[in-house]
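Visitor: Submitted below is the structure of interest, expressed as structure tokens.
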Amino acid sequence: DDLFYHPSWGVLVANEGGSSVYQWFNGRWRRIVDPSKQLRDVDSLTATDDTLYVSDGSQKTIFRYTAKTGFERAWTHTDGLTHPEALVSVGPALYVVDNEKELVRLEEGSDAQRWTPTNPEWKTPEGIAYSPATDTFVISDDGSGAIFEGAFGHTLNVRGTMGAAEDIFITDDGALLVTDNGWGRIVELGKDGSQRIRARFHRSYRDLQGIAQDEKGSLFVITADGKASVSFMPSLLFEIKP
């Protein structure tokens, strides 16, 4: 359902249907061990140098993982979470899309800060990314197709619109790479609002989900299995080299 790239981890994949997290690193594909089977509804993930965070919507929980401690509960319903999905780490804080409408700022030792944007195109936020260069968030909405940009707690502006915007990756030059599963394509949205198609997928693989890019310029895209597991197509991880 989602993926994330970090040089220390490689490509991390949130395998929602399999209640697990996979890793593609140095040419090796492996499942990150969860011996007590704590993960159930793996919606999204993000990572820092040594820590992986996983949102689990049905359990109202965000898990923390390190090689030393394994998976442990970091934030739960007692912190006000109702259905956490997309998330991104920024400094000491974690920002998460919760309950399909709110943005929540979480930090250990502090109360959760909640915010619901009022833009009329804000319907079902799906993916989130952070730009250190502008100190702003970019958020996709697969209901309206809008791509929002703005600071937490402030006005969100619509940067562009497409069919069904899923996930986002921000490039070094500030462009956005968006998986548009409404049309089965990857769209590059420039800083000037221009759009160009970077890749188009066959209709059999049209359910595009997470997107990321590594330091060599390779794009990674995860596709879901179609329609609630009734499709004959498996979920696949693609690499598109520059």
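The values are calculated or read from the model by the stated rules, or taken from the named source; none is laboratory data. Note that the structure is predicted; figures quoted are calculated from it, not measured. No Cβ is skipped: glycine too gets one built from the backbone with ideal geometry, and neighbour counts run over all protein chains shown. Surface accessibility is based on the protein's heavy atoms, side chains included, excluding ligands, DNA and RNA. Shrake-Rupley method; radii C 1.70, N 1.55, O 1.52, S 1.80 Å.
Visitor: Any chance you could check the Cα centroid distance between segment 1-63 and segment 158-204 for me, in angstrom?
Guide: 24 Å
Visitor: According to a simple spin-label model (label point 7 Å from Cα along Cα-to-Cβ), what is the distance in nm between A151 and K216?
Guide: 3.9 nm
Visitor: With each pseudo-label sitting 7 Å past Cα toward Cβ, what's the L236-W115 distance in nm, one decimal?
Guide: Rounded to a tenth, the inter-label distance reads 4.0 nm.
Visitor: Mind checking segment 76-182 for GluC sites (Glu not before Pro) that DSSP puts in a loop (not H, G, I, E or B) and that have at most 16 other Cβ atoms within 10 Å? Intermediate values should be presented prior to the final figure.
Guide: Details: sites: E85, E100, E102, E107, E108, E121, E126, E149, E166; in loops: E100, E107, E108, E121.
Filter output for segment 76-182: E100, E107, E108, E121.
Visitor: Label-point separation (nm) for T161 and S58, each offset 7 Å from Cα along Cα-to-Cβ?
Guide: If labels sit at T161 and S58, their model points lie 3.5 nm apart.
Visitor: Oh, and also: Expressed as cubic angstrom per residue, what is the convex hull volume of the alpha carbon set of segment 105-242? Could you put the intermediate results ahead of the total?
Guide: Working: hull volume 18.8 nm³, N = 138.
So the per-residue hull volume is 136 Å³.
Visitor: Next question. Using a simple charge model, +1 on the beta-carbon of Lys and Arg, -1 on the beta-carbon of Asp and Glu, nothing else, what dipole does the chain show about its Cα centre, in debye to the nearest 20? Let's see the in-between values first.
Guide: On the way: 24 positive and 36 negative charges, 143 e Å.
Value, rounded to 20: 680 debye.
Visitor: Towards the positive end of the charge dipole of segment 128-235, with charges on Cβ (+1 Lys, Arg; -1 Asp, Glu), say which of T136, P234, V178 has the farthest Cα.
Guide: Projecting each Cα onto the dipole axis, the largest value belongs to P234.
Visitor: Which residue, chosen from S89, A212, I62, occupies the Cα position most advanced towards the positive end of the dipole of the chain, where the dipole is computed from +1 (Lys, Arg) and -1 (Asp, Glu) charges on Cβ about the Cα centre?
Guide: A212
Visitor: Heavy atoms only, probe 1.4 angstrom, no DNA, RNA or ligands counted: give me W183, W115 ranked by accessible area, highest first.
Guide: On the way: W183 160, W115 45 Å².
Ranked list, largest accessible area first: W183, W115.
Visitor: While we're here: Where is the GNM fluctuation largest for the chain (alpha-carbon springs, 10 angstrom cutoff): I32, I147, I139?
Guide: Result for the chain, Cα springs under 10 Å: I32 fluctuates most.
Visitor: Keeping to pairs on different chains or 8 or more places apart, tell me how many lysine pairs in the chain have Cα atoms under 28 Å apart.
Guide: The result is 16.
Visitor: Between S131 and S194, what FRET efficiency follows from the Cβ-Cβ distance if R0 is 25 Å, with the result rounded to 0.05? Working shown, then result.
Guide: Details: r = 18 Å, r/R0 = 0.71.
That pair, S131 with S194, gives E of 0.90.
Visitor: What does the net charge come to around T78 if you take all other residues with beta carbon closer than 12 Å to its beta carbon, with K and R at +1 and D and E at -1? Present the calculation step by step, with values, prior to reporting the outcome.
Guide: Values: positive: K60, R73; negative: D79, D111.
Charge balance in the 12 Å sphere: 0.
Visitor: How much accessible area per residue does segment 65-143 have, counting only protein heavy atoms and a probe of 1.4 Å, in square angstrom? Don't skip to the end; give the middle numbers.
Guide: Working: 3800 Å² over 79 residues.
Ligands and nucleic acids excluded, the figure is 48 Å² per residue.
Visitor: Follow-up. So which trypsin sites (Lys or Arg not before Pro) in segment 9-82 pass both tests, a DSSP loop state and at most 14 other Cβ atoms within 10 Å of the Cβ?
Guide: On the way: sites: R28, R30, R31, K37, R40, K60, R64, K68, R73; in loops: K37, R40, K60, K68.
Within segment 9-82, the qualifying trypsin sites (Lys or Arg not before Pro) (loop, at most 14 other Cβ atoms within 10 Å) are K37, R40, K68.
Visitor: Give the whole-number value, in cubic angstrom per residue, of the convex hull volume spanned by the C-alpha atoms of the chain. List each step's numbers first, then the result.
Guide: Values: hull volume 30.3 nm³, N = 242.
Residue-normalised Cα hull volume stands at 125 Å³.
Visitor: When all protein chains stay in place, what accessible area (Å², nearest 10, 1.4 Å probe) is found for E239?
Guide: 80 Å²
Visitor: Probe radius 1.4 Å, ligands and nucleic acids ignored: give me the carbon and sulfur share of the accessible area of the chain as a rounded percent.
Guide: Working: 5420 of 11600 Å².
Roughly 47 percent, rounded to a whole number.
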